[in-house]
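In what follows, a single structure is set out as structure tokens and then discussed.
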Amino acid sequence: MMLIINIVGLLLIVGIVWWFWLYKPSELDVNSDVSELLITVENGVYSPSRVSIPSGQVTAVKFLRKEASPCAGTVVFADMNISEELPLNKEKTIQLPALEPGTYSFTCQMQMQMYKGEITVSEQ
Ligand SMILES: [Cu+2]
């Protein structure tokens with residue numbers, strides 16, 4: 001009996017590790033329509049997790065947090081010194097400053113960074 005419990009526990013751990021650290025959303029998960037930048041925060045992923053915006057202009061990105069866990073409660077754009085609380089089930093608009101072309105990541109506030117997303121800034 002103990003053996004079965006141990007195996008179930010092990011599978012759970014493997015599942016959690018896979019979900020949070022190894023699972024990579026597909027390349028198709030890209031939102032390039034700047035007028036509709038809404039990122040949903042749910043089940044351990046930002047969706048879309050990759051967003052493209054033009055360089056050199058302030059861009060508003062909306063977040064909709066649908067998960068109650070504290071992990072989903074704050075989004076951090078480390079490169080931009082932005083850290084914002086996300087209310088539950090309510091859209092929150094975050095203004096991104098005019099940026100140089102490049103790739104910028106955004107994550108949850110924890111060191112492990114279970115939530116991970118990427119913003120690609122390209123020249124227009
Ligand atoms: Cu987290």
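The values are calculated or read from the model by the stated rules, or taken from the named source; none is laboratory data. Quick caveat, the model's predicted, so the values are computed rather than measured. Accessible surface areas use protein heavy atoms only, side chains included; no ligands, DNA or RNA. Shrake-Rupley method; radii C 1.70, N 1.55, O 1.52, S 1.80 Å.
Note the per residue figure in Å³ for the convex hull of the C-alpha positions in the stretch 26-122.
Cα-based convex hull of the stretch 26-122, divided per residue, equals 89 Å³.
Enumerate the calculated ³J(HN,Hα) couplings along the stretch 85-93 in order (Karplus 6.51 cos²θ - 1.76 cosθ + 1.60, θ = phi - 60°), each rounded to whole Hz, writing x wherever the residue is Gly or Pro.
Once θ is set to phi - 60°, the couplings for the stretch 85-93 become 6, 10, x, 6, 6, 9, 5, 10, 9 Hz.
Would you mind working out the accessible area per residue for the stretch 26-122, using a 1.4 Å probe, and quoting it in Å²?
Accessible area per residue: 52 Å².
Using a 1.4 Å probe over the heavy atoms of the protein chains, calculate the carbon and sulfur portion of the accessible area of the stretch 63-124 as a whole percent.
Exposed carbon and sulfur together represent 45 percent of the surface.
Ignoring everything but the protein chains, give the 1.4 Å probe accessible area of Met80 in square angstrom, nearest 10.
Probe radius 1.4 Å; accessible area of Met80 about 30 Å².
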